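Reviewing the structure listed below.
The values are calculated or read from the model by the stated rules, or taken from the named source; none is laboratory data. No experiment lies behind these values; they were computed from the predicted model shown. Cβ sites come from the backbone with ideal geometry, for glycine too, and all protein chains shown count toward neighbours. To get the accessible areas, we keep the full protein, side chains included, count just its heavy atoms, and leave off ligands, DNA and RNA. Shrake-Rupley method; radii C 1.70, N 1.55, O 1.52, S 1.80 Å.
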Amino acid sequence: MDFGFSQEQELLRSTARKFLENECTSGFVRARMEEPAGVTDEFWAKLAEQGWLGLIYPEEYDGTGLGFVDLTVLMEEMGRVVMPGPFFSTVLLGGLAIREAGSPTQRKEWLTRIAAGQAKATLAWTEPSARWDAAGVTCTARDDKGRFVLNGTKLFVPDAHLADAIVVVARTGEGKAEDGVSLILVPKATRGVQVKLLPTMDQTRKLCEVTFQDAAVPADALMGVKGKAWPTLARVVERATVALCAEMCGGAQRVLDMTTDYAKIRIAFGKPIGTYQGVKHKAADMLVDVENAKSLTYYAAWAVDENSPEAPLAASMAKAYVTDAYRKVAGAGIQLHGGIGFTWEHDLHLYFKRAKSSEFTFGDATYHRERVAQLINL
Amino acid sequence: MDLSLTPDQETFRATVRSWLKTNMPREWKPTGSSEIPRAGQYDFLRRWQRTLFDAGYIGLTWPKEYGGGGLTFMEELILQQEMALAKAPPILNVLGVGMGGPTIIAWGNEEQKKRYPPKILSCEEIWCQGYSEPNSGSDLASLQTRAVKDGEHWVVNGQKVWTSFAHVADYMMLLARTDPSVPKHKGITYFLLDMKLPGVTVKPLRQITGEAEFNEVFFDNVRVHESQVLGGVNNGWAVGLTTLMYERLTLGFGLQMRLRIALEGLLELAKGMEKSGRVVTKEPVMRQKLAQLWIDTECLKYTGARAITKLLRGEMPGPEASTGKMAWVDTHQRLQEIAMEIEGPYSQLVKGSDWAVEGGVWAHSFLRSRANSIEGGTTEIQKNIIAERVLGLPKD
Ligand SMILES: Cc1cc2nc3c(=O)[nH]c(=O)nc-3n(C[C@H](O)[C@H](O)[C@H](O)COP(=O)(O)OP(=O)(O)OC[C@H]3O[C@@H](n4cnc5c(N)ncnc54)[C@H](O)[C@@H]3O)c2cc1C
Ligand SMILES: Cc1cc2nc3c(=O)[nH]c(=O)nc-3n(C[C@H](O)[C@H](O)[C@H](O)COP(=O)(O)OP(=O)(O)OC[C@H]3O[C@@H](n4cnc5c(N)ncnc54)[C@H](O)[C@@H]3O)c2cc1C
């Protein structure tokens, strides 16, 4: 047993840290928050150059063919700097769905371009009902003379305004909730697709409303078997969830670092505030949260890589815990900074808001605890 | 990253598993709550530990020449997991195995290392820990029990308190002040004290549970031979710290295992009880709480695995090594609270009532769990240590 990172992974970590500290400064993040794109072409090209956009794609599609434990390292570092932009939506939602369900042609077309930084993608799953279960999928894709015609509204779709391809979760048949769900690859340029950028609390994560009004795509836009996409979707989401957890861990760790650094230099009553137990004990609690969050995330990443039967359980355990942990740690970070932590100027709010947006991505802690209960046969 | 076992380790697991199947004592009725040695079970537990010793299933990481197995933490971990799965009885000589032995192996001279550790493992000699005093608990270094040199002997006077197992112990890990003229950490010596020496008096103290598991120990001119000093005169603080380190480590393993046993027991309990006509496990709020316990219990396992990996690689323990006790305390105390919640009004009934659920064991373990955040260093002290040593915040 060896439950730690390899030398190569530690190297990836230090490379990523150095790169992101230079390229993804607080100034860069804030500039991206103010504009719709959330990313610059230059920055995106650099991510491609590093090989990170294709990190988890097979080599035949110009990827690096690495796994989720490797990705965990990278995601932690990205979370550490609250990296904005469509990395998550492209690589882990749209791209991963294509990797898991796409035909060889779809993979060839999209994964190679994603890896090269030439295309962006996303996943349009949730709807105004904000449900994570199959019954929440009401958007339809009608089979119409060798075409699929889509109708419906998707909400909370990350970065749809930037995506070249939208993987749409749509209902192609009647039947049980999980039956009849299909994945359809819709080029954004398709007529009848309308994307509206939504103002969000976490400006580093752009969310969209996507509406389909008789949007027609050819039959070969179908990914995988018609009506049988639910298990694939679950697999994609499970993996994306684990990656999200890693990103959250990185953010939480950074908040803890910022807070302990501050507690060492901020003087009140003639001493650094870190001298006082009210501060010390809170910081110790934060450390417990951060370390536990990492333990569960690393396990989930390993389980996913190994295709372990425990992977769904591991992913839900991680998301439930990490969600609470990041929220608590980010809140405590603000508290221990006093008034300065409440300002726009200080970076803490970026983490606090990221914790919040991540909390409600792919189900909050309550949702995942219930899943854990089901998976352990309660 | 690889959580799988080597073929040798898999074989070891299989061997332990089948051994446990054949050797689990018939009279042992595992209860759901977390098992700690209880007064009425001492004779039975002594025999059980002996059985483990004879089979080589205790002290796995100790060197062979001192009675151990000469194996790695991996085998220890596997053993602990299998014991948990089998709901095996607890170890009686837990302080000797968890702390005394490792400290003697780390600091003892050859004679001491040959003499004591094997009998600790076999349970021929039970050990207790004489650290806390009426006026020194968290601030242990302020202890006042005195040892004064007289020829080849040290004469000990003073008092210890909260001494678990002192009433059955053959030996005590004793910290006493041997030089009051130097700063408090520098004048303490670690003694291996024979509890049968004249002048040692043990008075049981009744606990919150009604049982007497810990004691007061009085020393009245107890003459301890100088050969019983461990690790050098006035070096007791450093020696004692080793003990605390081992305590965390072994407790880490053992505690996760106990927690897992308790959790499985709790889930059984929940499946068998109803609230407002609905099975507890079908009640949404309880499902949330039970799932969280499951997550927290599993989490301890993986945090432990991270710490062990560092050990196996020969690296310094990272922050994850220090958070385990706190996380365990929190989870276990919550688990016991939830047991009471599941039982509802029945939680009020204790041993002796026909209506008591599972003979009232959960009421007992619930009460006992209150000590978790006090024994082995209070939670407040743990947080101070984490904040100062791991996070580098300034000392008071
Ligand atoms: C929205 C808002 C509006 C405000 N409006 C006003 C206003 O109108 N007028 C005005 O004068 N002020 C105002 N304040 C300031 C507010 O009163 C201070 O922020 C507050 O007193 C804390 O001081 P500080 O920010 O300097 O934090 P610090 O004093 O630096 O404290 C930082 C952290 O250390 C902790 N800490 C400090 N000393 C100790 C100790 N001895 N023991 C344990 N913990 C300690 C604190 O609890 C905090 O968590 C406002 C603040 C906010 C957020
Ligand atoms: C069931 C049980 C078994 C035990 N077995 C043994 C044994 O076998 N051998 C042995 O030697 N001891 C044993 N102990 C004693 C245990 O180690 C002590 O109780 C513990 O170290 C706390 O000391 P105290 O009781 O004197 O409390 P105190 O030190 O008086 O603490 C009282 C309260 O003040 C807090 N406090 C103290 N100092 C600080 C500080 N600096 N900052 C913040 N808070 C502080 C504490 O956290 C605690 O909440 C046992 C205790 C229990 C409950």
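Pairs of Cα atoms under 8 Å, at least six residues apart: use those to get the relative contact order of chain A, whole percent.
With pairs under 8 Å counted, the relative contact order is 15 percent.
Two decimals is fine: what is log10 I(q)/I(0) at q = 0.06, 0.09, 0.12 Å⁻¹ for chain B, from a Debye sum with one equal scatterer on every Cα and no solvent?
-0.25, -0.57, -1.02
Compute the Cα gyration tensor for the stretch A:122-227, then decide on rounded, prolate or oblate, letting a ≥ b ≥ c be the square roots of its eigenvalues: rounded whenever a/c is under 1.5, prolate when a/b is larger than b/c in the other cases, and oblate in all that remain.
Because a/c hits 1.5 or more and a/b fails to exceed b/c, the stretch A:122-227 counts as oblate.
Where nothing but the Cβ of Lys and Arg (+1) and of Asp and Glu (-1) is charged, how large is the charge dipole of chain A around its Cα centre, in debye to the nearest 20?
820
Suppose R0 equals 30 Å; then what is the FRET efficiency for B:Leu311 and A:Ser14 from their Cβ-Cβ distance, rounded to the nearest 0.05?
The pair B:Leu311/A:Ser14 has a calculated efficiency of 0.80.
Under 22 Å between C-alpha atoms is the cut-off here; go through the stretch B:148-248 and count lysine pairs that meet it, provided they're at least eight residues apart or on different chains.
8
Among B:Leu311, B:Leu92, B:Leu266, which one shows the biggest mean-square fluctuation in a GNM of chain B, springs joining Cα atoms closer than 10 Å?
B:Leu311
Cut-off 10 angstrom, C-alpha nodes, Gaussian network model of chain B. Which of B:Met24, B:Met316, B:Met286 fluctuates the most?
B:Met316
Roughly what would the spin-label model give for B:Arg38 and A:Glu21, points 7 Å off Cα along C-beta, in nm?
For the pair B:Arg38/A:Glu21, the computed spacing is 5.6 nm.
Regarding the protein assembly as shown, what are the three Cα extents along the principal axes, ordered largest first, in Å?
Principal-axis extents of the Cα atoms in the protein assembly as shown, largest first: 101, 61, 49 Å.
Put +1 on the Cβ of every Lys and Arg and -1 on every Asp and Glu Cβ in the protein assembly as shown; which of B:Thr378, B:Cys128, B:Leu192 then has its Cα farthest towards the positive end of the dipole?
Looking along the dipole axis, the top candidate is B:Thr378.
Strictly over 29 Å apart at the Cα level, which of A:Lys264/A:Lys353; A:Lys228/A:Lys328; A:Lys206/B:Lys383 would you flag in this model?
Long pairs (Cα-Cα over 29 Å): A:Lys228/A:Lys328; A:Lys206/B:Lys383.
Treat each spin label as a single point 7 Å out from the Cα along the C-beta direction, and report the B:Arg47 to A:Gln7 distance in nm.
So the label points at B:Arg47 and A:Gln7 sit 5.5 nm apart.
Of A:Arg80, A:Arg191, A:Arg205, which has the largest mean-square fluctuation in a 10 Å C-alpha GNM of chain A?
A:Arg191
Find the centroid of the Cα atoms in the stretch A:14-35 and in the stretch A:274-332, then give the distance between the two in whole Å.
Spelled out, the Cα-based centre of one part sits 24 Å from the other.
In whole percent, what relative contact order does chain B give with Cα contacts below 8 Å and a gap of six or more residues?
14
Quickly work out the B:Glu111-to-B:Arg223 label distance, labels modelled 7 Å from Cα along the C-beta direction, and quote it in nm with one decimal.
1.8
Chains A and B: buried accessible surface, both sides, probe 1.4 Å, rounded to 100 Å²?
The buried area between A and B, both sides summed, comes to about 4300 Å².
Carbon and sulfur together cover what percent of the accessible area of the stretch A:269-335 at a 1.4 Å probe radius?
53
Between A:Val167 and residues 5 or more places away or on another chain, which pairs have amide H atoms under 5 Å apart, with H built 1.01 Å from N, and which residues are they?
It is A:Thr122, A:Leu123, A:Ala124, A:Val186, by chain and number.
So what does A:Ile267 come to for accessible area, using a 1.4 Å probe and Å² rounded to 10?
The value for A:Ile267 is about 90 Å².
What is the calculated FRET efficiency for A:Lys145 to A:Thr64, with r their C-beta to C-beta distance and R₀ = 45 Å, to the nearest 0.05?
After rounding to 0.05, the efficiency reads 0.60.
Given a 1.4 angstrom probe, what's the average accessible area per residue across the protein assembly as shown, in square angstrom?
41
Can you compute the FRET efficiency between B:Ala212 and A:Met201 using 1/(1 + (r/R0)^6), with r the Cβ-Cβ distance and R0 = 45 Å? Round to the nearest 0.05.
With a Förster radius of 45 Å, E is 0.20.
Relative contact order, percent, of the stretch B:59-138 when contacts are C-alpha pairs under 8 Å separated by at least 6 residues?
That works out to 28 percent.
Post the alpha-carbon centroid distance, the stretch B:21-70 to the stretch B:294-319, in whole angstrom.
25
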